[in-house]
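Trainee: My questions all concern the structure below.
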Amino acid sequence: MTGAATPPAPPRGPGRTDVAIVGAGILGVLTAREILARAPGTSVTVMDRDLVGSGATRRSAGLHFPRGASATTRELAAESERFYADLHSARPELPIHPLGMSVLAPLASEPALREAYLPEAELRPADALPAQVPALPAGYGLWEGDGCQYADVHALTQTLAAELRPAAAFREGVAVTALDPGPDGVRLTLTGGAELTAGHVVLAPGPWLAEPAWADLVAPLGARVKKIVALHVEVPPAPGDRAIVFHDEDAFLLPFHHRGHWLFSYTCQEWDVEPAEVDPAVSAAHLDEALALLGRYAPELAAACVSGRVFCDAYGPGNTALVEPLADGRVVFAGAASGSGYRLAPALAARAADLIPTLPRHRKATT
C-alpha cells in the first residue's frame, strides 16, 4: 500500500502539529508510539471523543492467536505476534498473558487449519480434551498450538499512552467535527470551535465510520460495522486453562484469569449498526444464539452464562483490515480490523507510519 507524494508539513506554530491521530484506542496509541520511535522529534497529537482506551478497546477480549483467514491477515498477525512477544519479553509487568491454545474443528477441516494457522503455531493433534469440553462431536478433532496470548487491552493502552505523554499531546473528550485537507495540511475543527492544522492525519476511528467529519472520505473503502457479542461465564478459570477456539464457527472460549471468569465470544451477524445506538445489554436473542453454540461443546459453562458485553467493530471488505491513503495522501485510514484490533494493531500501526512520507519507512513495528 503506497500513498501519493505530498509536500512537507508546514512549519509548526500555534494550533499546528506534524501528525494528528484521531482515535486513542490501542491502534491510535500504537501508531503514535511507532511514529515517535521512528522520528522522535515529530510533533504528534492524539485525540479522542472519549478517554484513552475507551470504545472498542475497552470492551475487547484481547485474544491474540496466530492465524488469518487470508494471506494479508496472516502477514499482519505474524508481524504483530513478533511485536507482542518482544514486548512481553522486555516488559513482563505489562498485562499481556501467554496461554495455551486448543482448536476444535471437523477432521475434514484440517487442511484449512494448516493453511490458516501460522507455522509459529506448530499446530499438532492434542493428547487430551480440555476439562471444559466433555466430548468431541462425531467427526471432530482437537489440535493444540503455540503463540496464543491475551491482554487487558484497556490497561495496556492506558499504560502505553501514559509513557507517551512526555513526547505526544493527548486531547481527550475532544471530537473532530470537520476534516478539511488542503495543500498546506489538514485543518481539523474540534468541539468548541477550536482548530488544529496537521501536516498529516491518521484516522483510526474504530467503528465510528459514519462521523460527518470523515464519512464521505472513508465511504469508498467499503468498510461496514458489525455488532460483537461475548458472554461472561461465571466459572473461575484454573491455572493452566487454555483458550479453546471453535474454528468453523469463528468462536472462542477465553480464560479471563485477570477478571476471574471465562469469556465466550461468538460471531453475531447483525450488521450496519451505529456505535451510539448499540445497547450494551445482552439481548435475549443474542443470548439464545450464543448458548445454542456453546451448549453443544461445553454445556456446564453454558449453564453459567448470566451476563456479557456488547459493542461493535468496523470490518473491511472480505474481513481484511485496511490501511489506505486518502485525500492525496494527507490522511491515512487505519482500522476496519474485523474484530481483531488488538491482534493486528502493531502491524497496522507500522503500515500507517509507512504512509507518512516525512517518516523513515519499511521498519517493523517497534517494541
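Only the coordinates and a few stated rules stand behind these numbers; no lab work does. Just so we're clear, the structure is a prediction, and the values are computed from it rather than from any experiment. Every residue, glycine among them, receives a Cβ derived from its backbone with ideal geometry; neighbour counts consider all protein chains shown.
Trainee: Can you compute 3J(HN,Hα) from phi for each residue in the range 235-251, using the Karplus curve 6.51 cos²θ - 1.76 cosθ + 1.60 with θ = phi - 60°, rounded to whole Hz and x for Gly and Pro?
Mentor: In residue order, the calculated couplings are 10, x, x, 8, x, x, 4, 9, 5, 10, 9, 9, 4, 5, 8, 6, 9 Hz.
Trainee: On to the next question. For the chain, compute Rh as the Kirkwood radius over C-alpha pairs and then the Stokes-Einstein diffusion coefficient at 4 °C and 1.567 mPa s; write the answer in µm²/s, rounded to an integer.
Mentor: Here the translational diffusion coefficient equals 61 µm²/s.
Trainee: Now for a separate question. Can you tally the net charge around Leu196? Count Lys and Arg as +1, Asp and Glu as -1, for every other residue whose Cβ sits under 10 Å from the Cβ of Leu196.
Mentor: Counting the neighbours of Leu196, the net charge comes to +2.
Trainee: Could I ask something else about it? Give a residue-ordered list of calculated ³J(HN,Hα) values for the range 268-281 (Karplus: 6.51 cos²θ - 1.76 cosθ + 1.60, θ = phi - 60°; whole Hz; x for Gly, Pro).
Mentor: 3J(HN,Hα) across the range 268-281, in whole Hz: 7, 9, 10, 9, 6, 9, 10, x, 5, 9, 6, 6, x, 7.
Trainee: How big is the gap, in Å, between the Cα center of the range 290-321 and the Cα center of the range 90-168?
Mentor: Here the answer is 16 Å between Cα centres.
Trainee: Return the long-range amide H neighbours of Leu51 (sequence gap of 5 or more, or a different chain), with a cut-off of under 5 Å between placed amide H atoms.
Mentor: Placed amide hydrogens put Gly173 under 5 Å from Leu51.
Trainee: State, as an integer percentage, the relative contact order of the chain based on alpha-carbon contacts under 8 Å between residues 6 or more apart.
Mentor: 26 percent
Trainee: Can you give the angle from 0 to 90° between the axis of helix 284-297 and the longest principal axis of the chain, with both taken from C-alpha atoms, to the nearest 10?
Mentor: 50 degrees
Trainee: Additional query: Listing Trp214, Trp262, Trp271 from the residue with the fewest other Cβ atoms within 10 Å to the one with the most, what is the order?
Mentor: Starting with the residue having the fewest Cβ neighbours, the order is Trp271, Trp214, Trp262.
Trainee: Show log10 I(q)/I(0) for the range 132-291 at q = 0.16, 0.19, 0.20 Å⁻¹, two decimals, from a solvent-free Debye sum over equal Cα scatterers.
Mentor: -1.15, -1.32, -1.37
Trainee: Would you kindly derive the ³J(HN,Hα) couplings of the range 34-46 from the backbone phi angles with the Karplus curve 6.51 cos²θ - 1.76 cosθ + 1.60 (θ = phi - 60°), listing them in order in whole Hz, with x for Gly and Pro?
Mentor: For the range 34-46, the Karplus curve yields 5, 4, 6, 5, 7, 9, x, x, 5, 7, 10, 10, 10 Hz.
Trainee: Between the range 188-210 and the range 336-363, how many Å separate their Cα centres?
Mentor: After rounding, the separation between the Cα centres reads 18 Å.
Trainee: Now for a different question. Quick one: angle between helix 71-90 and the longest Cα principal axis of the chain, in degrees between 0 and 90, rounded to 10, please.
Mentor: Taking Cα atoms only, the helix is inclined about 90 degrees.
Trainee: Where does the charge balance sit around Gly173 when Lys and Arg score +1, Asp and Glu -1, over other residues with C-beta under 10 Å from its C-beta?
Mentor: -1
Trainee: In Å and on Cα atoms, what radius of gyration and Dmax does the range 276-326 show?
Mentor: Rg and Dmax of the range 276-326, Cα atoms, are 15.7, 50 Å.
Trainee: What does the net charge come to around Phe311 if you take all other residues with beta carbon closer than 11 Å to its beta carbon, with K and R at +1 and D and E at -1?
Mentor: Around Phe311, the charge tally is +3.
Trainee: Let me ask something else about it. Could you list which residues have their amide H under 5 Å from that of Phe256, counting only those 5 or more apart in sequence or on another chain, with H placed in the peptide plane?
Mentor: Those qualifying (amide H under 5 Å, at least 5 residues apart or on another chain) are His261, Trp262, Leu263.
Trainee: Suppose a student asked you for the relative contact order of the range 77-181, using Cα pairs under 8 Å spaced at least 6 residues apart; what percent would you report?
Mentor: Computed over the range 77-181, the figure is 35 percent.
Trainee: Could you list which residues have their amide H under 5 Å from that of Tyr140, counting only those 5 or more apart in sequence or on another chain, with H placed in the peptide plane?
Mentor: Amide H neighbours of Tyr140, under 5 Å, 5+ apart: Leu107.
Trainee: How far, in degrees from 0 to 90, does helix 153-164 lean away from the longest principal axis of the Cα atoms of the chain, to the nearest 10?
Mentor: For 153-164 against the chain, the angle is about 30 degrees.
Trainee: Still on this structure, please answer the following. Per residue of the chain, what 222 nm ellipticity follows from adding -39500 (n - 2.57) for every DSSP H run with n ≥ 4, rounded to the nearest 500?
Mentor: Here the helix-only value at 222 nm equals -7500 deg cm²/dmol.
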